[in-house]
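Report on one structure; see the data block that follows.
The values are calculated or read from the model by the stated rules, or taken from the named source; none is laboratory data. Keep in mind it's a predicted model, so treat the numbers as computed, not measured. Cβ atoms come from the backbone with ideal geometry, glycine included; neighbour counts cover every protein chain shown. Calculation scope for accessible area: heavy atoms of the full protein, side chains included, ligands and nucleic acids excluded. Shrake-Rupley method; radii C 1.70, N 1.55, O 1.52, S 1.80 Å.
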Amino acid sequence: MASTRTMDVSQRRQGHWRDNRRLTGLLLLVWAVATVVVVYWPQDWGATAWWGPLGFWLTAQGLLLLYWVLVALYDWRMNTIDRRWGLEDTEAPLD
C-alpha cells in the first residue's frame, strides 16, 4: 500500500470509507448478537426477584454497559482511522 502522503484525496477518502464501513459492520454485528441472542439466554435461569425475572434485569443492565463500550470503541477507532488516512478534524475543540 502506498503512503497516505503520496495518495490523492479521493484515494484516501475511499480507504477511509472502507475502514469506516468495516468497523461499523463489526460493531453492528456485536450489537445485534448482544441484543437479540443474549436477551433470551437468561430466561433459562429461572431466578426471580420481587420486581420480575432477575436474569432479564441483569442482562438489560449489562447491555447498557456494552452499548457505552461500543460507542467509546467506535470513537477511539474512528479517530485512529482518521489519523491513518490523514483526514482528521483540525478544528480547535469547543470549550
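Structural remarks
- Pairs, first closer than 28 Å to residue 13 by Cβ in the stretch 63-78, second of a type in the set (Phe, Trp, Tyr), C-beta under 8 Å, six or more apart: 70/31
- Residues that are in contact (Cβ under 8 Å) with a residue 60 or more places away in the chain and farther than 29 Å from residue 72 by Cβ, drawn from the stretch 5-28: 5
- Subset tally (residues that are open to solvent by 40 Å² or more (accessible area, probe 1.4 Å) and under 18 Å from residue 25 (Cβ atoms)) for the stretch 73-83: 5
- Put simply, of 63, 73, 87 the only residue that is at pLDDT below 90 and assigned to a helix (DSSP H, G or I) is 63.
- Evaluation of residue 32 against the conditions (1) surrounded by fewer than 12 Cβ atoms within 10 Å (Cβ to Cβ); (2) at pLDDT below 75 shows that the sole unmet condition is (2).
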